[in-house]
1. Go through Y1218, Y1171 for me and flag whichever is under 50 Å from the mean Cα position of the chain (by Cα), of a type outside the set (D, E, K, R) and open to solvent by 10 Å² or more (accessible area, probe 1.4 Å).
2. Out of the strands (runs of 3 or more DSSP E) lying entirely within the range 1475-1591, which hold 1 or more residues that are of a type in the set (S, T, N, Q) and more than 30 Å from G1382 (Cβ to Cβ)?
3. Select from the range 1387-1402 the residues that are more than 29 Å from R1197 (Cα to Cα), open to solvent by 10 Å² or more (accessible area, probe 1.4 Å) and touching a residue at least 60 places away in the same chain (Cβ under 8 Å) and list them in ascending order.
4. Could you grab me the full set of residues in the range 369-381 that are surrounded by fewer than 17 Cβ atoms within 10 Å (Cβ to Cβ) and within 16 Å of N611 (Cβ to Cβ)?
5. Kindly evaluate S1293 against the criterion of being surrounded by fewer than 20 Cβ atoms within 10 Å (Cβ to Cβ), among the hydroxyl-bearing types (S, T, Y) and in a helix (DSSP H, G or I).
6. Among the numbered criteria (1) more than 30 Å from P962 (Cβ to Cβ); (2) touching a residue at least 60 places away in the same chain (Cβ under 8 Å); (3) within 20 Å of the chain's Cα centre (by Cα), which single criterion is violated by E891?
7. Output the residues belonging to the range 1310-1335 that are assigned to a loop (DSSP other than H, G, I, E, B) and of a type outside the set (G, A, S).
8. Kindly evaluate I1585 against the criterion of being modelled with pLDDT of 90 or more, under 26 Å from H946 (Cα atoms), in contact with a Cys (Cβ under 8 Å, 6 or more places away or on another chain) and open to solvent by less than 20 Å² (accessible area, probe 1.4 Å).
Amino acid sequence: MADRDTLPLPLEVRARLAELELELSEGDITQKGYEKKRSKLIGAYLPQPSGVEQPMAPDRRTAIGSSSSRYHRRRSSGSRDERYRSDVHTEAVQAALAKHKERKMAVPMPSKRRSLVVQTSMDAYTPPDTSSGSEEEGCLPGGGTPSSSQGSISMEHWISRAIHGSTPSSTTSSSSTQSGGSGAAGRLADVMAHAHVGPIAHLSLRRKTVPGPLENGNSFRRSCEFGSELVWPPPLESEENHSAPPDVTTYTSEHSTHVERPQVSTVPRSTQKYGNAELMETGDGVPVSSRVSAKIQQLVNTLKQPKRPPLREFFVDDFEELLEVQQPDPNQPRPEGAQMLPIRGEQLGVVTNWPPSLEAALQRWGTISPKAPCLTTMDTNGKPLYILTYGKLWTRSMKVAYNILHKLGTKQEPMLRPGDRVALVFPNNDPAAFMVAFYGCLLAEVVPVPIEVPLTRKDAGSQQIGFLLGSCGVTVALTSDACHKGLPKSATGEIPQFKGWPKLLWFVTESKHLSKPPRDWFPHIKDANSDTAYIEYKTCKDGSVLGVTVMRIAMLTHCQALTQSCGYTEAETIVNVLDFKKDVGLWHGILTSVMNMMHVISVPYSLMKVNPLSWIQKVCQYKAKVACVKSRDMHWALVAHRDQRDINLSSLRMLVVADGSNPWSISSCDAFLNVFQSKGLRPEVICPCASSPEALTVAIRRPTNDSNQPAGRGVLSMQGLSHGVIRVDSEERLSVLTVQDVGTVMPGALLCVVKPDGVPQLCQTDEVGELCVCSIATGMSYYGLSGMTKNTFEVFPTSSTGAPVSEYPFARTGLLGFVGPGGLIFITGKMDGLMVVSGRRHNADDIVATALAVEPMKFVYRGRIAVFSVTVLHDERIVVVAEQRPDSTEEDSFQWMSRVLQAIDSIHGVGVFCLALVPANTLPKTPLGGIHLSETKQLFLEGSLHPCNVLMCPHTCVTNLPKPRQKQPEIGPASVMVGNLVSGKRIAQASGRDLSQMEDNDQFLFLSEVLQWRSQTTPDHVLFTLLSSRGAITNSLTCLQLHKRAEKIAALLAERGHLQDGDHVALVYPPGLDLIAAFYGCLYAGCVPITVRPPHPQNIATTLPTVKMIVEVSRSACVMTTQVICKLLRSKEALAAVDIRTWPPVLDTDDLPKKKPPQLYKPSNPDTLAYLDFSVSTTGMLAGVKMSHAATSAFCRSVKLQCELYPSREVAICLDPYCGLGFVLWCLCSVYSGHQSILIPPSELEVNPALWLLAVSQYRVRDTFCSYSVMELCTKGLGLQTESLKSRGLDLSRVRTCVVVAEERPRIALTQSFSKLFKDLGLHPRAVSTSFGCRVNLAICLQGTSGPDPTTVYVDMRALRHDRVRLVERGSPHSLPLMESGKILPGVRIIIANPETKGPLGDSHLGEIWVQSGHNASGYFTVYGDESLQSDHFSSRLSFGDTQTVWARTGYLGFLRRTELTDASGDRHDALYVVGALDEAMELRGMRYHPIDIETSVIRTHKSITECAVFTWTNLLVVVVELDGSEQEALDLVPLVTNVVLEEHYLIVGVVVVVDVGVIPINSRGEKQRMHLRDGFLADQLDPIYVAYNM
């Protein structure tokens, strides 16, 4: 990569190269054509290597050479915007990057779905450039680059891979999973493993099936209750010791440059692999696939590399997690100079013939020399379009003045009076019309407010301008004919009201539309006074627009000061390229020019775009003395400059550089002088100036005739500047900023430098501060904003003693800088671009410049880079947004991004929080083509920037996280127990009512006996009614029908199944009556039933293995099912998933034998097994628990008492009948209590969402049970239909209890929105409540009919992470609402215990919920015989206190709180609040996080996030979000997700995965199966839209 500034190229070759690069950047030439022509041009100058041509080593130049050569070396590069160019800077960046190569950071590239990679298909197969010595591919250990032979090998390797679709496994796996992998082939394989190159990579991205058994629901699609339960295979014992997963939450301080990756070993596995994942095992026994985990491994290694010093120690208060406050570094540079003295400009010379006001000047020239040219405008071909003379300007302005005063409104009620504000809306190519209107306003004594032409209704920043017009009370807009025609119109031809704009009358100022003033009318021309002359708009950092008012006397004084300092004389010619509506363009090209009768040649922006040299040509053509330009215009002229023989700039005596205050203008000035000095340009002609809307011109370099007086230069240390201190950097270090002076203070002004924040105190001489000016010629106020005006325009700087510097007020300029030797002013930045990151100041412009100096620049557009800061976690974080060229590949851009990060880190010593690349031309623009910064920031913050590449680096930037928590040792038993108190608090224990009173059916111990009794006493009483999706009754069972059917099934089991009593039978039925009959048939036959959800016909491959697994694990001797499912089990698809020969006998119960069994089985002992309850926990474990006959009866009795169930009652049940309370309510309770159950299969709600509520209303049900999925379906599906349901007569006013059956923390947001939605239909909000159950006890709490309403408390989420409960007020920061999980069931006792020490805890303390009750399950039914788990979960005892009672551990964290409410018994009510499962909780930074809290925060961040799930992998937090929107939004979510988790949870997200809707697996209860999702992610089976690895 022979960089051409290291080559001795002649000027014409350089110029031709620059031309080529311009063509490439403008898209006039292809990359290939460019390469060809470029190599032709510089081929002759390349040093010829001897022998084999080696690929050039990376350019490791360090900055050497005398400083003069450094600054004056000509460098024209393939760039557009040279504002930000500095040779020094480029060298510094190159050197910094070279240094970085030694400690290379392996940044994992994000994975992107094919559809998001915008490329043509051929580009996708372009092999990576093996020979480039670019830093991502890295160098060989010897420091060289791969030799060409190796390069060719890897090339063939790449091609063969693309053709045959296979790689030698060694290269891919070794390089991507082990620590080796240097060298071209290995690197390449790494690239292959990480990037989507080659057809195979694309094929592998198609969705694969999910590993592991699935509950029978659509594989990964959510269906209401037909969700998918996923199980993971039992953990495997592996023979080798795996290295533990690395801990990335602590930063190591040894500066190791290379970290060994934990070796990943593959374990031979005998178990069946579900799906087609090639699984491996990592340290913690998690199945992973090489690709994703290799990346994460890479990320982990990168994060382990020391990046920042370790966090300092600081307090951990009892509850507050204190964020670290950045301690000032004792070694940081401090200012040492004396206090500065204010500097006074020279006396403003009183010249006798200066006019008393600008209008007077116009009148003078318009009458004395009417033929003198005032303004020449250009068309887009550069031809003079029109010449406005002083005579025409005078007469036309008078005409405009007369018309706006007399022809608007009526004689009695004119629309405009002197002093009113008027908008001037003129396009940038029509300065003549603008000038006439502006002077017309001055003559009429109305106040012009020049603004941009609103092009569309939603122009960037246009709304804010509308607010300004509204606040100024503008009602009239003056405009030109052409502009008026071009404005957007409505159908009726009206100009619409732009968004945020006041209603305006549009008035065209062309002469032909105006009436002539009468002969006797003359404008009243006064001397300049303190009335407002005009208002200039200014856009602030946050995008708001302010109006700066300028008085007539200030306007005149400013023109005089400019005339004196620039030495303007009458009839001079001046070329103006700047915007004439504001700032330097207005002051020189419209105001001062008229005062001196000068001739302005106006070059519009549209012409500059077509011909960047146009302004230089105009200077030559008109022999202009002065030109007003920006550094951009100089740079464009450089790039476009061909050998123009006829250029001669010797006429120029002054080249005003309007943005001289931009630190990077110096390089444009240098480069411009370099090229054009030979064309007659004298060095002393270049005059940078500094200005601001508030203070007008602050300083300008005076044109001298002495070419020996050199301009002021400062080479400043960037580190010093970041501390606000000026240190001249003599050692030529890398991080320096070179600034040029902007001349001296304006005549008649006083200038001082004050501290940028706090009291305006004078700075020391070597300190950077904000410049303040005291002069008549400054702005007066921000229109209508007295408070801000006081802070900006009425500042009284004080010395260190506190004495004011002057009796007159100063105006703040918004410019940061200092006064150098000889009174020269230096500007180092703007207040608006200031970013204070952990106490150090950085300037946005400087960071842009560093980004632009990173080669190669072909991937992004110059001048289209935005840098701003966002506040995250109490500090500013830097965000860089750039526009990416359409032809650059993922790899290229990613590489450029990682280099930019390193460069900014090296040079500025600050980390970039987020770097985003957006597609070309998508950033909001200002009217003159710059980037609209505040609008870009707004888009970024609201997630509508739509980047195509994002790199977040929170790990390196966020150094103020709270200290990780060290757990305190618990208090020992001795100091604690006093009666029923723990540490001074009541022991947290509670119980439901007694189960004492007996009823007629309670004498039966067994459910089978209850059924027989009912079939004799009330044979025709209907127990069960099943509804179809239309709401019609499909079937019902009376007591006798159920008894008879159960007898026949018992006969079938004995006859065809040849089963013994105690054999296990799997019941595979859809939700319905067959399931109930089969259950009682098993009881009659003495068999133990297990209910199993049938496989899903559309998704057999994934759901059937789960059925098979339950059948196997439960040791079922036979399977009972319906004819339809029998056929399904024998179908081709089923055979492909599970071999039919491995099934136990399958009995079809559709044709039953006619005879009944000889006698019904009666269990001998109530403690024998009644049934097994199998369910998949949210962590993906399949667990079956044993329910004895005694427990089953106790369970039914407890529910009967709680819900007051009697034969006369009807209950509607919309639940899955396969496990837990859902099964008990569906199959058992009606038989026990005799009430009628109306059964609604949840799957029917997918067809008809209103089915459940209509049934509740139609049958006038008072009690109903549902699941969260059902509630969600109703909330989402019926949200807009409440009115139509009301008209259909839906009435929910009779509902007394609507209970959500769940095994998790109550979803308060869902229950509340459900209540609110159906309140209009009569649903009482008090009716909605939740229940709580778990594996050891299927129902612990259930909101009954009597008893107080469920209560809600708000707890502090930060305290909860420390396992503490701290109650706070609703709406307080970090508050989390928790709803009580229903009332404790009769016969149930609860205590809260410490899960580690097993000691009892006090009231309102967080601990594990332990339960003791007659309906506890009697143990796990497990094949593996995990006895220790069994005894721990089902028979635990407290370590102190009541050590006799045997408890079952629920595995859920929660707390008890005694409320002020009273129970039915009159006691105070104890409320149980469930916080979350211990298994699910994540330990991060020593604190306990519940996934649901992080997920709730994430879902709130963007409207397109429908669902979210989080899990950890080797201490990295992985966030998976479902995107319901276009894939273009995927990358918007990455910064939003990272920010919200940092802000609300103080955690850094390691990986953000964006997937389609429905990918996060949900089980039948509507709970997320995060562990299964984790397996799918690690096995690379999610087909993500985008995966971002945060650095």
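1. Y1218
2. In the range 1475-1591, 1505-1513 are the strands (runs of 3 or more DSSP E) which contain 1 or more residues that are of a type in the set (S, T, N, Q) and more than 30 Å from G1382 (Cβ to Cβ).
3. N1394, P1395, E1396, T1397, L1401, listed by residue number.
4. Answer for the range 369-381, where residues must be surrounded by fewer than 17 Cβ atoms within 10 Å (Cβ to Cβ) and within 16 Å of N611 (Cβ to Cβ): D379, T380, N381.
5. When the stated conditions are applied, S1293 does not pass them.
6. Checking E891 against (1) more than 30 Å from P962 (Cβ to Cβ); (2) touching a residue at least 60 places away in the same chain (Cβ under 8 Å); (3) within 20 Å of the chain's Cα centre (by Cα), the one that fails is (3).
7. Selection gives F1318, L1323, H1324, C1334, R1335.
8. no
The values are calculated or read from the model by the stated rules, or taken from the named source; none is laboratory data. Fair warning: this is a prediction, and the values are worked out from it, not measured in the lab. A quick note on method: Cβ atoms are made from the backbone with ideal geometry, for glycine too, and the neighbour counts reach across all protein chains shown. Calculation scope for accessible area: heavy atoms of the full protein, side chains included, ligands and nucleic acids excluded. Shrake-Rupley method; radii C 1.70, N 1.55, O 1.52, S 1.80 Å.
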